[in-house]
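A quick write-up on the structure given underneath.
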Amino acid sequence: MVPGFAALRAGARRPCAGRNIARPATTTGDSFVLISPAFAQAAGAATQENTLLTFLPMVAIFVVFYFLLIRPQQKKQKEARAMLESLEKGNEVVTAGGILGRIVKLDEQYATVEVAPSVQMVVQRSAISQLLPKGTIKGL
């Protein structure tokens, strides 16, 4: 049998091996903890300058995002919208799928594109991604 095992079975208490467990000290029935209580201190009123300095990094990040991401994207959308509105019969275009063709018929939402002699396909106007200079298809 392991030495000391009989004593443990009999109910003897043994301190936790390798652990320092802080227990409150007791004096005449009153218990107190070794850590003194922390009292909240009255904080001074936050100044307006301090509040502005707190939000300054967030404002700076927003400005950077605006000029690097939002503004260029809006510019591209505006150019694409202007290109789609300026489409007319006879223009040579590239679709979003990469198909080259010449516009034969235009509707409000759709465009009929001739991709080869006697081969036409109907695409949405928004599927037209690029307007090519005249004569590009003949040059291929």
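The values are calculated or read from the model by the stated rules, or taken from the named source; none is laboratory data. Computed from a predicted structure; not experimentally measured. No Cβ is skipped: glycine too gets one built from the backbone with ideal geometry, and neighbour counts run over all protein chains shown.
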Next item on the list: Could you please find all residues in the range 117-140 being over 13 Å from Val94 (Cα atoms) and in a helix (DSSP H, G or I)?
Entry: Lys138, Gly139
Next item on the list: Pull up the range 106-140, narrow it to residues that are touching a residue at least 24 places away in the same chain (Cβ under 8 Å) and basic (Lys, Arg), then point me to the one that is farthest from Met83 (Cα to Cα).
Entry: Lys134
Check: So which residues in the range 56-95 are touching a helix residue (DSSP H, G or I) at 6+ places or on another chain (Cβ under 7 Å) and of a type in the set (Val, Ile, Thr), if there are any at all?
Finding: Thr95
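A quick yes/no check of all residues on (1) hydrophobic (A, V, I, L, M, F, W, C); (2) farther than 30 Å from Thr136 by Cβ; (3) out of contact with any strand residue (DSSP E or B) (no Cβ under 7 Å at 6 or more places or on another chain); (4) at pLDDT 95 or above:
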| site | (1), (2), (3), (4) |
| --- | --- |
| Ala10 | yes, yes, yes, no |
| Gly18 | no, yes, yes, no |
| Ser31 | no, yes, yes, no |
| Ala38 | yes, yes, yes, no |
| Thr51 | no, yes, yes, no |
| Ile61 | yes, yes, yes, yes |
| Gln74 | no, no, yes, yes |
Item checked: Selection within the range 61-113 - of a type in the set (Lys, Arg), part of a strand (DSSP E or B) and under 15 Å from Leu131 (Cβ atoms) -> Arg102
